[in-house]
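J.: Before I ask anything, let me first share the structure, which is written out below as structure tokens.
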Amino acid sequence: MRPYDLILKKRRGQSLTDEEIDFFIAGYTKGDIPDYQMAALCMAIYFQGMDSRETSALTMSMVRSGQTLDLGAIAGRKIDKHSTGGVGDTTTLVLAPLVASCGVPVAKMSGRGLGHTGGTIDKLESIPGFRADLSTAQFIEQVNRIKVSVMGQTAELAPADKHLYALRDVTATVESIPLIASSIMSKKIAAGADGFVLDVKTGQGAFMQNFQDAEDLAKTMVAIGTHVGRETVALVTDMSQPLGYAIGNALEVKEAIATLKGEGPDDLLELCLHLGQEMLLLAGQADDRRHAADALQQKLESGEALECFGEFIAAQGGDRSVIERPELLPAAPHVAAVPAPSSGYVTGIDSMEAGLTAMTLGAGRVTKDSQVLADVGIELCKKLGAAVRKSETLAYIHARSQEEANSVTGRLQQSFTVEEDPPETISPILGRITKADL
Ligand code: URA
Ligand code: CA
């Protein structure tokens, strides 16, 4: 086999065999196939696409490029949740303890944030003392003991994807559904869960800005999961505005604690409940949706979900008293209000801009190697549909200095659209894809 012939074959729109795909990925991983040939293949895939068999083969070749985690030592069906990336997406912090308190083992590997979206590990590390650099033995032992652990993703899982993603990033080949789907699913499959609940975001702050693309990505990922014997369900969810009110690491931990106390934002809670129901159903912890919904509600109301969050924090070295006293979390020294430019209704919040503003303040990463700050970010006061009076506060900026706060006030104000008439309401859950929809 020659890389040239396979590039040509894909460029002409033909399907590659499983062996051909494996040859390419294995060769690339070993360094036998250079970046320029891999980049050319990515560009051919970008234009010609891949069918469902090819996409599954590509995924599994990337899984085989490195180690896989064996979660066999954990009893029960392990269900992982993955979001394609949103702004202010605090769901994992709420969901992990919530479904764990319902009996689902949560053994989750998470990433760090990049660009306008934050990462779960960065958020958790804003809790004083919290550590995500566990060994896999510690990780597994903790899930067996308290049902939940979240660790940073190790470089040994799907290394082919790591190189390929970096290559795609500089060759204008990120935005290809088969390449995105195989990239995400290879990391999830390598991390060892039995089933997956995918949260595919759509809207202005998401990777997939229009619904059709998001639905296609959801179907492609569900097809891969199904093909390789891991039951997979995807929800297509709204990211036309940031999720909840908080954007930023410690601010989102506070928001998660409030949500687990039943005092959180409605949109975040509703999304967590929907994703949680899917997780309980896939795990076999509930017979039907009604039972799943009741179980989640009961664990929230009884305080067991919050208690589980505390236990999880303590197990990973963190200060669990933040649960009772969120004021112990890092807080930025300067807080500035963003006033409404006019009276009316909020009809738009540019979540991409809000995410990038939070990143500029230091809550996120400009490059892979940037340091993130725990305390800075944005606290929205008004969301879509809210009535506002001129000069009323739309949001608070949490910054390290007054100058930094002032430097982004105008930008954040402009990311809000205020008009005379209220907008139509958008449901947080826009679609649900299972293997029956393929
Ligand atoms: N996230 C990933 O992990 N991979 C992609 O290709 C796109 C988003
Ligand atoms: Ca949030």
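J.: Here's a check for you: in the stretch 35-45, which residue that is over 23 Å from ASP216 (Cα atoms) and in contact with a helix residue (DSSP H, G or I) (Cβ under 9 Å, 6 or more places away or on another chain) is surrounded by the fewest Cβ atoms within 10 Å (Cβ to Cβ)? Spell out the reasoning first.
T.: Filtering the stretch 35-45 for residues over 23 Å from ASP216 (Cα atoms) gives 35-40.
Filter once more, so that each one left must be in contact with a helix residue (DSSP H, G or I) (Cβ under 9 Å, 6 or more places away or on another chain): 35, 37-40.
Details: ASP35: 15, GLN37: 18, MET38: 23, ALA39: 18, ALA40: 20.
Top of the filtered list is ASP35.
J.: How many of the residues in the stretch 238-254 are away from ligand 1 (no atom under 16 Å from the Cβ) and within 18 Å of PRO428 (Cα to Cα)? Before you say what the answer is, go through the steps one by one.
T.: Pass one, the stretch 238-254, residues away from ligand 1 (no atom under 16 Å from the Cβ): 238, 240-254.
Cutting the leftovers down to within 18 Å of PRO428 (Cα to Cα) gives us 238, 240-247.
Total meeting the criteria: 9.
J.: Ok, one more. Across the stretch 315-333, what is the total count of residues that are touching a Lys or Arg at 6+ places or on another chain (Cβ under 7 Å) and of a type outside the set (A, V, I, L, M, F, W, C)? Spell out the reasoning first.
T.: Of all residues in the stretch 315-333, those touching a Lys or Arg at 6+ places or on another chain (Cβ under 7 Å) come to 316-317, 326, 329, 332-333.
Now narrow it down to the ones that are of a type outside the set (A, V, I, L, M, F, W, C): 316-317, 326, 333.
Result for the stretch 315-333: 4.
To keep it simple, each residue is scored yes or no on (1) out of contact with any Leu (no Cβ under 6 Å at 6 or more places or on another chain); (2) part of a helix (DSSP H, G or I).
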site	(1), (2)
LEU164	yes, yes
ARG168	yes, yes
SER186	yes, yes
LYS201	yes, no
GLY205	yes, no
ASP216	yes, yes
ALA223	no, yes
GLY229	yes, no
LEU235	yes, no
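J.: If you go through the stretch 125-137 one residue at a time, how many are part of a helix (DSSP H, G or I) and in contact (Cβ under 8 Å) with a residue 12 or more places away in the chain?
T.: 1
J.: Can you pull out the residues in the stretch 314-328 that are within 15 Å of ALA374 (Cα to Cα) and in a helix (DSSP H, G or I)?
T.: VAL322, PRO326, GLU327, LEU328
J.: While we're looking at this one, here's another question. If only one of GLY85, GLY115 is touching a residue at least 24 places away in the same chain (Cβ under 8 Å), within 15 Å of ligand 2 (Cβ to nearest atom) and either in contact with an Asp or Glu (Cβ under 6 Å, 6 or more places away or on another chain) or within 17 Å of ALA358 (Cβ to Cβ) (or both), which one is it? I'd like the intermediate steps shown before the answer.
T.: Values: GLY115 fails: within 15 Å of ligand 2 (Cβ to nearest atom).
Exactly one residue qualifies, and that residue is GLY85.
J.: Restricting the first residue to the stretch 240-255 and requiring it to be of a type in the set (D, E, K, R) and at pLDDT 95 or above, which pairs with a second residue that is assigned to a loop (DSSP other than H, G, I, E, B) and within 8 Å of ligand 2 (Cβ to nearest atom) meet a Cβ separation below 6 Å and a spacing of at least six or different chains?
T.: GLU252/THR90; GLU255/THR90; GLU255/GLY244
J.: Name the residue, out of LEU271, LEU296, that is in contact (Cβ under 8 Å) with a residue 24 or more places away in the chain, within 19 Å of the chain's Cα centre (by Cα) and surrounded by 23 or more Cβ atoms within 10 Å (Cβ to Cβ).
T.: LEU271
J.: Within the set of pairs 6+ apart or on separate chains, which have a first residue in the stretch 165-180 that is outside the structural domain of ASP35 (by TED's automatic domain parsing), a second that is in a helix (DSSP H, G or I) and near ligand 1 (Cβ under 9 Å from one of its atoms), and C-beta atoms under 6 Å apart?
T.: The qualifying pairs are TYR165/SER183; VAL174/ARG168.
J.: Need pairs with beta-carbon distance below 8 Å; first residue assigned by TED's automatic domain parsing to the domain that holds GLY13 and within the stretch 33-48, second of a type in the set (Asp, Glu); sequence gap 6+ or separate chains.
T.: TYR46/GLU175
J.: Scan the stretch 46-86 for residues that are of a type in the set (Lys, Arg) and touching a helix residue (DSSP H, G or I) at 6+ places or on another chain (Cβ under 7 Å) and jot them down. I'd like the intermediate steps shown before the answer.
T.: Taking the stretch 46-86 and keeping what is of a type in the set (Lys, Arg), we get 53, 64, 77-78, 81.
Residues satisfying the conditions are ARG77, LYS81.
J.: Looking at the stretch 250-265, which of its residues are in a helix (DSSP H, G or I) and either under 18 Å from GLY303 (Cα atoms) or of a type in the set (A, V, I, L, M, F, W, C) (or both)? Give the steps one after another, and end with the answer.
T.: Looking only at the stretch 250-265, we keep the residues that are in a helix (DSSP H, G or I), and these are 250-260.
Those that are in a helix (DSSP H, G or I) and either under 18 Å from GLY303 (Cα atoms) or of a type in the set (A, V, I, L, M, F, W, C) (or both): ALA250, LEU251, VAL253, LYS254, GLU255, ALA256, ILE257, ALA258, THR259, LEU260.
J.: Somewhere in the stretch 347-367, is a residue modelled with pLDDT of 95 or more, over 24 Å from the mean Cα position of the chain (by Cα) and not assigned by TED's automatic domain parsing to the domain that holds ALA256?
T.: yes
J.: Would you confirm whether or not the stretch 267-275 contains a residue that is closer than 21 Å to ALA358 by Cα and either touching a Gly at 6+ places or on another chain (Cβ under 8 Å) or within 10 Å of ligand 2 (Cβ to nearest atom) (or both)? Steps first, please.
T.: The first filter runs over the stretch 267-275 and keeps only residues closer than 21 Å to ALA358 by Cα, leaving 267-268.
Right, trim to either touching a Gly at 6+ places or on another chain (Cβ under 8 Å) or within 10 Å of ligand 2 (Cβ to nearest atom) (or both) and you get 267-268.
Yes; the residues of the stretch 267-275 include at least one that is closer than 21 Å to ALA358 by Cα and either touching a Gly at 6+ places or on another chain (Cβ under 8 Å) or within 10 Å of ligand 2 (Cβ to nearest atom) (or both).
J.: Would you point out the residue of the stretch 194-226, among those that are at pLDDT below 95 and surrounded by 24 or more Cβ atoms within 10 Å (Cβ to Cβ), that is farthest from ligand 2 (Cβ to nearest atom)?
T.: Filtering first and then ranking leaves ALA206.
The values are calculated or read from the model by the stated rules, or taken from the named source; none is laboratory data. Everything numeric here is computed off the predicted structure, so don't read it as measured data. Positions of Cβ are backbone-derived with ideal geometry, glycine not excepted, and every protein chain shown enters the neighbour counts.
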